[in-house]
Structures are given as C-alpha cells and as structure tokens.
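Peer 1: Take this structure, written in structure tokens, and hold onto it; I'll ask about it next.
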Amino acid sequence: MAFIPPDSGKPVFRFAPSPNGRLHLGHALSALANEALAQKMGGRLLLRIEDIDLTRSRPEFVAGIVEDLDWLGIAFEPDVRRQSQHFDDYAAALGALQERGLVYPCFCSRQEIRAEVAAYEVETGRPWPLDPDGAPLYPGRCRGLEPREAIRRSTAGEPHVLRLDMAKALIASGKALSYAVFDADGAIRTVEARPERWGDVVLARKDVPTSYHLAVVVDDALQGVTHVVRGRDLEAATDIHVVLQHLLGLPTPLYHFHRLLLDEDGRKLAKSRQSESLAELRDSGVRPVDIRRQLAFASGAG
C-alpha cells in the first residue's frame, strides 16, 4: 500500500474525533496537545473525522466538531479526511491480509462467546483471560473452520465478523515488534509491542466494513502522519496498530500518550456518560481562554 511521505521533512500531526456526540473537555485536551506539539516542532496539523460507524455518526455532530474547534481557536489544514468516504482504502488493506491467510470469518455471536467463557470458568474454576480493555479474549472456535465451510456459510448470508489470526500474524511479522514514544521535550524511548494480549481482534463487521484499528493505520499512512498524539487509554491498542503496520508495509509513526481527564468517580470523560460538552460550557459563559488555562495550554504548554 502506498503512503504519503512527510512534506519537506515537517512532522505531521492529526486530531481524529468520532462524530457520535459533542466534544467534551477530554477532546479539547487532545486537540490542544496536538496543536501545542505541532507548533513546538514546526509541524502540520490535520483534522480527520472518524465516521466509519454510519449508524452512530450524524451530520450535526460533524458540524459541532468544526464549531467547537473553531471556537477553541485551533487551526487545521483545510482538507479534512472523512473515513466514510474511503472504505475502498480499508477494503484494499483488508484484502491484502486475507490474501496472506491472516484473516478468517467468525460466525460466533457475542452471546455464544459469553456462554463459552462462562462454561469454561464454571468447569475449571479459573478466570478466562481478558484483553487490556477487560473483555474476554476470543475462544477461537472459528479459527480452524474448514475454508469451504466458511465460504458456504458466508455466501449464505450468515452473520459474521472478520478476525485477524494473531498467531499467524505474529509469525508473519518475523520479528519482535516495537514502537517509539516521544515526550514533550523530544526525548524518545522504545516500547515493546505485545499484540498477542489482544487475541484475534475484529477487523471488519457486516454493518461496519472496517474497524477502528484497521482504518486508523491506513489513514495515518495515507496522510503521511509522523506523530500520533492521543490519550493514555489508547496506549495498549498501539500494539494492534504496530502489527498491522508491519503486515501492511506501512510506516510506524512516533507516539505520545497524554494524560486523561477524569470525572468525580475517577472515570475518564466520555460521550456515553454524558460528560459536559464544550457547547454546554460555551453556553454557560466559559471562554476559549478559560479552557486553555484550565487544561494548562494558556502558553502552549504540552
């Protein structure tokens, strides 16, 4: 897969929200961290709308993202990438993995997986292994499904997802995987990637023909992104991105994981928990300078 090399050696940053709700302070922190580091390093700053989930993404939320970022005073380059307009790019990447036998269809429902995990725990008295997000690892029931049977079932329209065979993927990578993390002062350290702890991750579903993991590595490569700045909650997911980058022959950016904002219960701010939005703060009289000062970006601090 072709990718865009950095423009004239300039670092390339991106802020990539999903339009399934209004932005909150956590998003502001991430956007401002990208802005601060891009300015400090003399880099470019891109905006990407990650709207692969067409059932949850709504036009008014896209407009709200633009409005909130304009209000904060963050200047992005004019061309905004909308993931929903590039499903062909993700299909090509998925196809490349399928041709190498690294992807298989999985016909197990969530209910069936939960039942298998529960049965194992009852029978053995041991807990089922979990991924870094706390979800049970896929048991692997469909991993060894005979190819003709898999084709028959998928052709018949049986619901399924497409999973990465992680064991095969790690063999195909042929070496220990790692990535580089940079801090606000430019210091770089190497981190070991451990994608095996995620098991056979889903790369595509019937209703969403790609996954966040697959789309993000393709987008970063096609946009020439060199520096990925995002929250610490996505640090573990970088393992998946690194193995996909290696398998697809894509460059691995430098990564920076910023702090998270927590609510009074110690949980990170989230749209799903109706965390107070930037629009609500604006309506209450809060100014952009107040947001920047609250988040320690009044003078461009990272």
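Peer 1: Return yes when Val225 is in contact with a Lys or Arg (Cβ under 7 Å, 6 or more places away or on another chain), at pLDDT 95 or above, under 22 Å from Pro136 (Cβ atoms) and buried (at least 21 other Cβ atoms within 10 Å of the Cβ) and no when it is not. Working first, answer last.
Peer 2: Numbers: in contact with a Lys or Arg (Cβ under 7 Å, 6 or more places away or on another chain): yes; at pLDDT 95 or above: yes; under 22 Å from Pro136 (Cβ atoms): no; buried (at least 21 other Cβ atoms within 10 Å of the Cβ): yes.
No.
Peer 1: Testing Ala298 on (1) of a type in the set (A, V, I, L, M, F, W, C); (2) part of a loop (DSSP other than H, G, I, E, B); (3) touching a residue at least 12 places away in the same chain (Cβ under 8 Å), one condition comes back false. Which one is that?
Peer 2: In the conditions (1) of a type in the set (A, V, I, L, M, F, W, C); (2) part of a loop (DSSP other than H, G, I, E, B); (3) touching a residue at least 12 places away in the same chain (Cβ under 8 Å), Ala298 misses (3) alone.
Peer 1: Sticking with this one: Among (1) in contact with a strand residue (DSSP E or B) (Cβ under 8 Å, 6 or more places away or on another chain); (2) of a type in the set (Gly, Ala, Ser); (3) without any contact (Cβ under 8 Å) to a residue 12 or more places away in the chain, which single condition is Gly43 missing?
Peer 2: All conditions are met except number (3).
Peer 1: Could you go through the range 123-134 and let me know if any residue there is more than 26 Å from Arg232 (Cβ to Cβ), touching a Phe, Trp or Tyr at 6+ places or on another chain (Cβ under 6 Å), among the acidic types (Asp, Glu) and surrounded by fewer than 16 Cβ atoms within 10 Å (Cβ to Cβ).
Peer 2: So the first thing to find is which residues in the range 123-134 are more than 26 Å from Arg232 (Cβ to Cβ), and the list is 123-126.
In the following step, the residues that additionally are touching a Phe, Trp or Tyr at 6+ places or on another chain (Cβ under 6 Å) were identified as none.
No, the range 123-134 has no match at all.
Peer 1: Give the number of residues within the range 135-163 that are farther than 22 Å from Ala236 by Cβ and not in a loop (DSSP other than H, G, I, E, B).
Peer 2: Result for the range 135-163: 9.
Peer 1: Now for a different question. Just wondering, is there one or more residues in the range 156-170 that are closer than 30 Å to Met41 by Cα and of a type in the set (A, V, I, L, M)?
Peer 2: Looking for residues that are closer than 30 Å to Met41 by Cα and of a type in the set (A, V, I, L, M), one finds none in the range 156-170, hence no.
Peer 1: Those residues that are surrounded by 13 or more Cβ atoms within 10 Å (Cβ to Cβ) and either assigned to a helix (DSSP H, G or I) or without any contact (Cβ under 8 Å) to a residue 24 or more places away in the chain (or both), I need them from the range 93-111; list them, please.
Peer 2: Ala93, Leu94, Ala96, Leu97, Gln98 - these are the residues of the range 93-111 that are surrounded by 13 or more Cβ atoms within 10 Å (Cβ to Cβ) and either assigned to a helix (DSSP H, G or I) or without any contact (Cβ under 8 Å) to a residue 24 or more places away in the chain (or both).
Peer 1: Could you look through the range 260-290, keep only residues that are surrounded by 14 or more Cβ atoms within 10 Å (Cβ to Cβ) and among the basic types (Lys, Arg), and pick out the one that is farthest from Gly26 (Cα to Cα)?
Peer 2: Arg282
Peer 1: Exactly one of (1) assigned to a helix (DSSP H, G or I); (2) touching a helix residue (DSSP H, G or I) at 6+ places or on another chain (Cβ under 7 Å) is unmet by Pro127. Its number?
Peer 2: Exception for Pro127: condition (1).
The values are calculated or read from the model by the stated rules, or taken from the named source; none is laboratory data. Computed from a prediction, not measured in an experiment: that's the story for all the values here. Heads up, the Cβs are rebuilt from the backbone with ideal geometry, glycines too, and the neighbour counts pull from every protein chain shown.
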